[in-house]
Amino acid sequence: MNNASDTAAHAAPPAGSRFGFKRTRNLGERFIEAILFAISMATVAVTIGIVGLLIVESAYFFERVSIVEFLTSKQWTIMFEEKHFGVLPLLAGTLVTSTVALLFAVPVGTTAAIYLSEFATARVREIVKPSLELLAGIPTVVYGYFALLMVTPALQWFMPDLPGFNMLGPGLVIGIMIIPYITSVAEDAMRSVPMQMREGSYAMGATRLQTALRVVVPAATSGIVAAYILGISRAVGETMVVAVAAGQQPNFTWDPTEPGATITAFIVQVALGDLPHGSIEYQSIFAVGLVLVLMTLLFNVLGHWARTRFREAY
Amino acid sequence: MLDVQAIQELVRKGRRYDAIFAIIGLFCMMIGILMLAVLLGGLVDDGAHRLNWTFFENFPSRRAQRAGILSAMVGSTLVMLITAATAIPFGVGAAIYLEEYARRNWVTNLIEINVTNLAGVPSIIYGLLALGLFVYALDFGQSILSAGLTLALMILPVIIVSTREAIRAIPSSIREAAYAVGATRWQLVRDHIVPYSAGGILTGIIIGLARAIGETAPIITIGALTVIAFLPDSPFTGEFPYLSFEWMKSPFTVMPIQMFNWLSRPQAAFQENAAAAGLVLVVMTLIMNGAAIWLRMRFRKRIKW
């Protein structure tokens with residue numbers, strides 16, 4: 001009796017309990033890893049969802065509207081009796097507002113970045129960098145208010161003929177919105193240029209400005225271009241400023257003083273109305289949404305290409 | 001031959017250009033802050049007189065003077081609850097997986113590229129996804145639940161990226177020490193990685209939520225631009241089980257939508273309401289972002305590895 005329990009105790013527990021402990025421990029670990037993996041794959045599912053949904057609804061749209069009309073017609077009159085489905089007016093609106101924004105934001109943002117990286121003292125930088133983040137956090141609908149009720153009236157002082165809804169004001173405001181992004185990313189790129197390169201330049205007798213423009217900026221080109229690309233994709237995807245202040249009229253024009261609508265503003269405009277599931281209006285916002293995603297994807301690819309193309313190895 | 005005068009002239013010219021550029025640069029740097037000041041000034045000028053207790057206590061109304069932002073404030077709060085409850089576990093979980101668990105293989109690469117790309121997708125596209133998926137396919141309708149989930153998807157990349165940065169800042173000696181005393185991977189994550197990166201994670205969460213609270217476009221896209229003059233059911237009930245989830249299915253409005261609604265009316269009185277709502281919104285996001293930046297600086301200073 002005593003012996004039997006002794007042998008049993010010797011045979012099983014020590015080894016068994018140790019291995020048993022390890023097995024449950026491994027099981028728990030595996031389980032947690034599996035959950036975390038599933039969570040990560042959920043982000044991929046989001047992308048698949050976006051792409052899948054856009055393609056499926058666009059396919060329905062293009063069953064009813066020919067791709068040729070979509071890409072060549074210069075009218076987008078989905079809200080009227082006689083419907084035309086030409087994406088060109090929306091594309092033109094998007095390009096006009098983005099171009100105005102970039103023409104304003106690129107020079108200002110780059111200059112500010114050069115100043116911040118090469119001229120400003122560490123203390124100034126410590127204050128300015130976080131305030132750029134604060135600026136980037138202002139809600140876009142507030143910028144819409146800014147464009148409609150403050151910038152456009154101010155522009156009308158100089159241009160009395162400017163209509164209350166136009167693309168110039170929103171374009172400028174989008175420019176103001178993306179300056180913090182451009183400044184911040186471009187400054188990071190310039191700061192990461194090694195100090196020796198600046199010292200070499202100073203040793204040759206170059207001034208600060210010459211060093212900044214001829215040594216630092218060329219060395220940081222890849223990062224600066226990435227900053228511009230980030231700015232472009234923000235400008236192209238910006239919605240509320242244009243929806244509030246540009247008039248929501250699809251208008252095939254390259255003149256920024258006229259009212260217009262961008263792809264994003266059109267989506268908002270349609271979504272504001274009654275939007276029955278499966279109607280042509282419902283499908284059209286997915287079709288133009290697909291165009292918008294393709295545009296931003298194109299910019300992302302361009303940005304990636306620019307980063308590798310202009311990369312400087314020190 | 002070195003001409004001393006020519007060199008002096010050259011130096012002076014260089015200094016002059018430096019000074020001129022410094023002034024231009026300073027101005028360019030200040031433009032953003034200047035504009036923020038003008039914007040705030042304008043909002044205060046137009047809307048400050050509307051900011052009193054009744055503005056916070058009233059529902060939207062056809063009469064501008066009696067309209068308020070009560071339903072919008074409550075709506076924003078409830079939507080943020082859903083957003084936080086979904087985006088935080090998913091964002092932090094994905095970041096922990098990518099930093100601590102993932103092997104270097106094509107699946108990991110796929111996830112990483114995907115997160116980068118998601119961060120660049122315009123917000124309105126998330127609205128389209130939500131319209132097709134949450135509103136119609138899953139039949140959540142134009143509800144608080146749909147809006148909260150939409151914004152959660154939108155800020156997921158923000159939380160993932162900042163959490164990863166915070167985790168990456170933890171030196172590998174911490175990990176090695178934990179493994180050396182026999183910790184499992186999960187024990188390491190639970191007892192060391194998450195607590196040490198909590199500051200950075202919190203910063204990312206606040207910045208993400210600040211972005212979500214001001215976001216308008218995706219919520220309009222799911223079709224939520226309506227005048228809401230009632231509050232959703234309370235999440236707390238008098239009887240067991242004391243919690244109710246009916247509020248998730250309720251129609252709603254949020255702060256930026258309410259502002260957009262007032263802004264798109266032509267009457268000046270409503271635009272004053274828009275300015276007042278905008279002021280509240282700007283102050284809220286400034287406080288949230290400011291808190292995030294302050295937290296980050298505090299943690300950066302305190303932790304010395």
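The values are calculated or read from the model by the stated rules, or taken from the named source; none is laboratory data. From a predicted model like this one, the values you see are computed outputs, not experimental measurements. All Cβ positions, even for glycine, are placed from backbone atoms using ideal geometry, and neighbour counts span all protein chains on display.
This table checks each residue for (1) under 29 Å from A:Asn251 (Cα atoms); (2) surrounded by fewer than 23 Cβ atoms within 10 Å (Cβ to Cβ).
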{"position": "A:Ile176", "(1), (2)": "yes, no"}
{"position": "A:Tyr202", "(1), (2)": "no, yes"}
{"position": "A:Thr207", "(1), (2)": "no, yes"}
{"position": "A:Thr211", "(1), (2)": "no, yes"}
{"position": "A:Ala227", "(1), (2)": "no, no"}
{"position": "A:Ser233", "(1), (2)": "yes, no"}
Is there a residue in the range A:208-230 that is under 30 Å from B:Phe140 (Cβ atoms) and part of a helix (DSSP H, G or I)? no
Being facing chain B (nearest Cβ under 9 Å) and assigned to a helix (DSSP H, G or I) is the requirement here; does A:Thr296 meet it? yes
Just checking, does the range B:96-108 include any residue being part of a helix (DSSP H, G or I), modelled with pLDDT under 90 and farther than 30 Å from B:Gly199 by Cα? yes
Any chance A:Ile48 is outside the structural domain of A:Val288 (by TED's automatic domain parsing), assigned to a helix (DSSP H, G or I) and crowded, with 17+ Cβ neighbours inside 10 Å: no
Criterion first (surrounded by fewer than 24 Cβ atoms within 10 Å (Cβ to Cβ), touching a Gly at 6+ places or on another chain (Cβ under 8 Å) and at the interface with another protein chain (Cβ under 10 Å from one of its Cβ atoms)) does B:Leu133 satisfy it? yes
Quick check on this structure: which one of A:Gly137, A:Gly164 is over 21 Å from A:Leu116 (Cβ atoms) and at pLDDT below 85? A:Gly164
Taking first residues from the range A:96-111 that are within 16 Å of A:Asn251 (Cα to Cα) and second residues anywhere that are hydroxyl-bearing (Ser, Thr, Tyr), the pairs with Cβ under 9 Å that are 6 or more apart or on different chains are A:Val96/A:Thr253; A:Val96/A:Thr262; A:Thr97/A:Thr262; A:Ser98/A:Thr262
Reported set for the range A:262-293 where residues are among the aromatic types (Phe, Trp, Tyr) and at pLDDT below 85 is A:Phe266, A:Tyr282
Selection within the range B:166-193 - within 12 Å of chain A (Cβ to nearest Cβ) and aromatic (Phe, Trp, Tyr): B:Trp186
Restricting the range B:109-121 to residues that are free of Cβ contacts under 8 Å to residues at least 12 places away in the same chain and over 23 Å from B:Ile193 (Cβ atoms), the residue that is surrounded by the most Cβ atoms within 10 Å (Cβ to Cβ): B:Val121
Identify the single condition in (1) under 25 Å from B:Ala291 (Cα atoms); (2) of a type in the set (S, T, N, Q); (3) touching a helix residue (DSSP H, G or I) at 6+ places or on another chain (Cβ under 8 Å) that A:Thr121 does not satisfy, given that it satisfies every other one. (3)
Could you tell me which residue of the range A:235-270 is nearest to the other protein chains (Cβ to nearest Cβ), considering only residues that are hydroxyl-bearing (Ser, Thr, Tyr) and part of a loop (DSSP other than H, G, I, E, B)? A:Thr239
Some residue of the range B:68-90 being in the same structural domain as B:Gly208 (by TED's automatic domain parsing), modelled with pLDDT under 85 and in contact with a Pro (Cβ under 6 Å, 6 or more places away or on another chain): no
Of the conditions (1) surrounded by fewer than 22 Cβ atoms within 10 Å (Cβ to Cβ); (2) more than 30 Å from B:Ile7 (Cα to Cα); (3) hydroxyl-bearing (Ser, Thr, Tyr), the single one that A:Tyr145 does not satisfy is (1)
Number of the exception - B:Arg296 against (1) more than 18 Å from B:Leu209 (Cβ to Cβ); (2) at pLDDT below 85; (3) not in a loop (DSSP other than H, G, I, E, B): (1)
Within the range B:136-147, take every residue that is within 11 Å of another protein chain (Cβ to nearest Cβ) and assigned to a helix (DSSP H, G or I) and give me the one that is surrounded by the most Cβ atoms within 10 Å (Cβ to Cβ). B:Tyr136
I want to confirm something. Restricting to the range B:205-228 and keeping residues that are more than 12 Å from chain A (Cβ to nearest Cβ) and surrounded by 15 or more Cβ atoms within 10 Å (Cβ to Cβ), which single residue is modelled with the lowest pLDDT? B:Ile228
So which residues in the range B:86-104 are touching a residue at least 40 places away in the same chain (Cβ under 8 Å) and not aromatic (Phe, Trp, Tyr)? B:Thr86, B:Ala87, B:Ile88, B:Gly91, B:Val92, B:Ala94, B:Ala95, B:Ile96, B:Leu98, B:Glu99, B:Glu100
Is at least one residue of the range A:299-311 more than 9 Å from chain B (Cβ to nearest Cβ), of a type outside the set (Asp, Glu) and outside any helix (DSSP H, G or I)? yes
Listed residues B:Thr163, B:Thr77, B:Thr150, B:Thr86; which is more than 14 Å from every other protein chain (Cβ to nearest Cβ), among the polar types (S, T, N, Q) and in a helix (DSSP H, G or I)? B:Thr77
Being closer than 27 Å to B:Gln258 by Cα and in the same structural domain as A:Ala92 (by TED's automatic domain parsing) is true for just one of A:Tyr202, A:Tyr145. Which residue is that? A:Tyr145
Filter the range B:267-295 for residues that are surrounded by fewer than 17 Cβ atoms within 10 Å (Cβ to Cβ) and more than 18 Å from the chain's Cα centre (by Cα); which is nearest to the other protein chains (Cβ to nearest Cβ)? B:Ala268
Boolean, A:Ile182 is surrounded by 20 or more Cβ atoms within 10 Å (Cβ to Cβ), more than 30 Å from B:Gly14 (Cβ to Cβ) and more than 9 Å from chain B (Cβ to nearest Cβ): no
Whether any residue in the range B:117-128 is of a type in the set (A, V, I, L, M), in the same structural domain as B:Ile219 (by TED's automatic domain parsing) and more than 18 Å from the chain's Cα centre (by Cα) is what I want to check. yes
